[in-house]
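Following: one structure in structure tokens, then a few remarks.
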């Protein structure tokens, strides 16, 4: 491959790329968090020999990519080998660059640095954890890619176990961010609901429903029947008691017995409560 003016790019084995990078064409925390997180970035020039793994760099031929491998000075004198990684498109390229060649490295703007430093100092003074806003801002400046756990935490507040692995990776290759990583790690471990999203973080559903609620099936027609009350009309009761009196007098031959049977039947017919 013809060597470009800025460096010698050759194909790099995917197995060597263990750091998830991204060209960041689809990363927009302000959009994904519904305007709740607004990180500000600055680009600072730095020599090739001082680049750290995981940093986002503007490579002249590749654009915005991550440093996937630590610069190696053993290739040839006054040159370093640097591996690049991109998340959205296949990119496992490697380049040989002069040790003093300068790259634009993306980092947090001074305003965000001051906010984070103030948040950490206030938390240490009050002997408490940093606030959620500071934790999100730290994650916004340390996430590995838009598909990483740190990015998802900055949007929704979820804390899966892999997030701690990402914090260790950032802390290992960018030791200058150690105070930030330590503060964010303590915040995550102190949270009781770690894996659930924090209410109010990230895009919220609209206040009103787009469609009215389903009223459900129409009520069924009543098939209620009128239950018998257990009572009979006075006319019918009178006829039945007269018949019972006559029957009782005929069979028993006693007016007293017939009268007793009549009273029992009348009481049962007229005073029985409804079923």
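The values are calculated or read from the model by the stated rules, or taken from the named source; none is laboratory data. Only a predicted model underlies this, so the values are computations on that prediction, with no experimental measurement involved. Neighbour counts run over all protein chains shown; Cβ positions are idealised from the backbone, glycine included.
Of all residues in the range 106-124, none satisfies being at pLDDT 90 or above and under 23 Å from the mean Cα position of the chain (by Cα).
Taken over the range 47-70, the criterion of being within 37 Å of the chain's Cα centre (by Cα), in a strand (DSSP E or B) and either free of Cβ contacts under 8 Å to residues at least 24 places away in the same chain or within 22 Å of residue 176 (Cα to Cα) (or both) is satisfied by 56, 57, 58, 64, 65, 66, 67, 68, 69, 70.
Only residues that are without any contact (Cβ under 8 Å) to a residue 12 or more places away in the chain and either exposed (fewer than 11 other Cβ atoms within 10 Å of the Cβ) or under 14 Å from residue 187 (Cβ atoms) (or both) were counted across the range 110-120, and they come to 0. Quick check: is even one residue across the range 90-100 closer than 30 Å to residue 199 by Cβ, loosely packed, with under 14 Cβ neighbours inside 10 Å, at pLDDT 90 or above and in contact with a strand residue (DSSP E or B) (Cβ under 9 Å, 6 or more places away or on another chain)? No, the range 90-100 contains no residue that is closer than 30 Å to residue 199 by Cβ, loosely packed, with under 14 Cβ neighbours inside 10 Å, at pLDDT 90 or above and in contact with a strand residue (DSSP E or B) (Cβ under 9 Å, 6 or more places away or on another chain).
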